[in-house]
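Asks: First, the structure itself, so that you have it in front of you.
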Amino acid sequence: MAQLPISIAELYPSLRGDPKEGSQHWWGIVSFAGALDAHYWGREDAYVTGDQLIYYELGDPTKKIVADAIVVLGVPGLGAMGAYRVWEIGKAPDLAFDVVLPNTKRKHLLEVPRAYAAMGVRECWRFYPEAEGTAALAGYRLERGVCWPMPVVAMPNGAVVGCSKVLGMFLEAERLRPGARPAHGAWGLFLRDVATDEPLPDPLGKEKHRAREPSEQRGALAAVGTVGCR
Amino acid sequence: MAEVAASVDELYPDLRGEPMENTQQYWSMHLFAGILDVYYEHRGDDAYVACDTLIYYQFGDPTKKIVPDVYVLFGVPGIGGMGSYKVWEIGKAPDFVLEVASPSTKHKDRFEKPSAYAEMGVQEYWRFDPQARYTVPLAGYQLASQGYEPIPIRLRPNGLLAASSEVLGLTLGAERYQPGFREKYGRWALFPRDRVTDEKLPDHAGEKARADAAEAQRDAERDRAEAAEAEVRALKAALAASRGPSS
């Protein structure tokens, strides 16, 4: 006999494989991909897109994965595309970014990083918009098929910061202040150029919901850059 | 015997249900929904904008479900991050739905989805095709007693396709991307516009940054051209001087 569903959550799950698990998922992608897309305007060899299906082994269509956002550097002329076939582009994306919500956590522990490592993604980052505690951001550097965690540091104001060598940018996850749209999630993700020390504008204008930076923050940030980016 | 797949496209199709089918679909949703979200937040409206999330529209029947590309809900304050949208929990259906067309959804977007949206009471249903290969770039429908009725779309002399969305309180304008814009966005762009000023609503970071970059590029090209002209003038002058007064 078939088992009866026991709860509304089981009967009407938020996760169905195809749509997003929640509104925070979409807005997390927009913040990351939108900020970088604007930043790389005019650079023909930098390509950013979101919610992208990737096939990474010719001859095996089951070797596929969906990245929430990808960054490809050094391949000029990439335009509109459907699925990203690694052998057609000639290389894997340099960076993959995923927004992780409670239901997809397990997948992101093993399956996703394994696929990225197999195809040769150099760095992958995960952002947890509904994180509790400080685990709102995690980054991995992938070398010879192995994931090495990137340093992620808690700042004096509670922000969690990592440094992406591939982008040359700080990724700053920060608990948003009251007044921010709950649909965007409890945490916001912001980018800051390491070279210029300038923050990238957030496509959703979430800067106004950030906490102030205490003066000691700058020193702590520089330390993250030293460890992660240089 | 199983059929042999005929092409790489069949073996590795763009559509797998879960991700966006192509970059044009992703960026159309990204830009449109982002602009609306920022606009309504700035105005302080109780608007909830969401993309690519699941709606269940009939209690007791979990097969009655649909995933709009973009939807907007007004007048229900305090909605936070939400997984699936259950119409009976929220108390009403979204007020506005936009579907962004892609090769595999053209049939579904025109025939299947509108009947579901009408059934659940979505006031306005819009369709945008960034490639405009399969349909016209923009179409809008308003719910009436007999189902959806088309909203008139006007072609302006400058090529803009414009129509009014009563629910959003905005004009929706589809325009061709200028050459030089990113191919990944598609051929057509959909911008919400202010009804009074007819200005495009700002796309908080992207559009401004792109406009700045385009202007900087034009400035740089002009500077280069001017520098080249100045150099030619200087060379001509030097040449004339070297020939001396006798020549």
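The values are calculated or read from the model by the stated rules, or taken from the named source; none is laboratory data. Here the structure is a predicted model, which means the values were calculated and not measured. Glycine also receives a Cβ, built like all others from the backbone with ideal geometry; neighbour counts cover every protein chain displayed.
Asks: Here's a check for you: in the stretch B:33-56, which residue that is of a type outside the set (D, E, K, R) and assigned to a helix (DSSP H, G or I) is modelled with the lowest pLDDT? Full working, then the answer.
Replies: The initial filter retains those residues of the stretch B:33-56 that are of a type outside the set (D, E, K, R), namely B:33-36, B:38-40, B:42, B:44, B:47-51, B:53-56.
Keeping just the survivors that are assigned to a helix (DSSP H, G or I) gives B:33-36, B:38-40, B:42.
Working: B:Ala33: 95, B:Gly34: 94, B:Ile35: 95, B:Leu36: 96, B:Val38: 92, B:Tyr39: 94, B:Tyr40: 93, B:His42: 88.
Across the stretch B:33-56, the extreme among qualifying residues is B:His42.
Asks: Scan the stretch B:147-157 for residues that are touching a strand residue (DSSP E or B) at 6+ places or on another chain (Cβ under 8 Å) and assigned to a loop (DSSP other than H, G, I, E, B) and jot them down. Working first, answer last.
Replies: Of all residues in the stretch B:147-157, those touching a strand residue (DSSP E or B) at 6+ places or on another chain (Cβ under 8 Å) come to B:148-156.
Answer for the stretch B:147-157, where residues must be touching a strand residue (DSSP E or B) at 6+ places or on another chain (Cβ under 8 Å) and assigned to a loop (DSSP other than H, G, I, E, B): B:Ile151, B:Pro152, B:Ile153, B:Arg156.
Asks: Right, next: Just one of B:Val67, B:Val100, B:Val38 is in contact with a Leu (Cβ under 9 Å, 6 or more places away or on another chain), surrounded by fewer than 24 Cβ atoms within 10 Å (Cβ to Cβ) and under 30 Å from A:Tyr55 (Cα atoms); which is it? Explain how you work it out, then say what you get.
Replies: Values: B:Val100 fails: surrounded by fewer than 24 Cβ atoms within 10 Å (Cβ to Cβ); B:Val38 fails: under 30 Å from A:Tyr55 (Cα atoms).
Exactly one of B:Val67, B:Val100, B:Val38 is in contact with a Leu (Cβ under 9 Å, 6 or more places away or on another chain), surrounded by fewer than 24 Cβ atoms within 10 Å (Cβ to Cβ) and under 30 Å from A:Tyr55 (Cα atoms), namely B:Val67.
Here's the yes/no breakdown for (1) buried (at least 18 other Cβ atoms within 10 Å of the Cβ); (2) basic (Lys, Arg); (3) within 19 Å of B:Gly81 (Cα to Cα):
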residue: A:Ala118; (1), (2), (3): no, no, no
residue: A:Glu123; (1), (2), (3): yes, no, no
residue: A:Pro149; (1), (2), (3): no, no, no
residue: A:Val160; (1), (2), (3): yes, no, no
residue: A:Cys163; (1), (2), (3): yes, no, no
residue: A:Trp187; (1), (2), (3): yes, no, yes
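Asks: Can you find a residue in the stretch A:76-83 that is more than 22 Å from B:Gln24 (Cβ to Cβ), at pLDDT below 90 and within 11 Å of another protein chain (Cβ to nearest Cβ)? Step through it out loud before you land on a result.
Replies: Let us first name the residues in the stretch A:76-83 that are more than 22 Å from B:Gln24 (Cβ to Cβ), namely none.
No, the stretch A:76-83 contains no residue that is more than 22 Å from B:Gln24 (Cβ to Cβ), at pLDDT below 90 and within 11 Å of another protein chain (Cβ to nearest Cβ).
Asks: Further, regarding this structure: Which condition does A:Glu88 not pass, out of (1) among the acidic types (Asp, Glu); (2) under 24 Å from B:Ser102 (Cα atoms); (3) surrounded by 18 or more Cβ atoms within 10 Å (Cβ to Cβ), if it passes all the others?
Replies: Answer for A:Glu88: the failing condition is (3).
Asks: Right, something else. Name the residues in the stretch A:154-165 that are within 13 Å of the chain's Cα centre (by Cα) and over 15 Å from A:Ala136 (Cβ atoms), would you?
Replies: The answer is A:Cys163, A:Ser164.
Asks: Sticking with this structure for a sec: Which of the residues belonging to the stretch B:148-188 are within 14 Å of chain A (Cβ to nearest Cβ) and surrounded by 14 or more Cβ atoms within 10 Å (Cβ to Cβ)?
Replies: Those that are within 14 Å of chain A (Cβ to nearest Cβ) and surrounded by 14 or more Cβ atoms within 10 Å (Cβ to Cβ): B:Tyr177, B:Phe181, B:Arg182, B:Glu183, B:Lys184, B:Tyr185, B:Gly186, B:Arg187, B:Trp188.
Asks: Looking at the structure I just gave you, is B:Glu215 within 22 Å of A:Gly205 (Cβ to Cβ) and at pLDDT below 95?
Replies: Values: within 22 Å of A:Gly205 (Cβ to Cβ): yes; at pLDDT below 95: yes.
Considered against the rule, which asks whether it is within 22 Å of A:Gly205 (Cβ to Cβ) and at pLDDT below 95, B:Glu215 comes out as yes.
Asks: Considering each residue of the stretch A:40-61, count those that are at the interface with chain B (Cβ under 7 Å from one of its Cβ atoms) and touching a helix residue (DSSP H, G or I) at 6+ places or on another chain (Cβ under 8 Å), and give that number.
Replies: Looking only at the stretch A:40-61, we keep the residues that are at the interface with chain B (Cβ under 7 Å from one of its Cβ atoms), and these are A:41-42, A:49-53, A:55, A:61.
Restricting the remaining residues to those that are touching a helix residue (DSSP H, G or I) at 6+ places or on another chain (Cβ under 8 Å) gives A:41-42, A:49-52, A:55, A:61.
Of the residues in the stretch A:40-61, 8 are at the interface with chain B (Cβ under 7 Å from one of its Cβ atoms) and touching a helix residue (DSSP H, G or I) at 6+ places or on another chain (Cβ under 8 Å).
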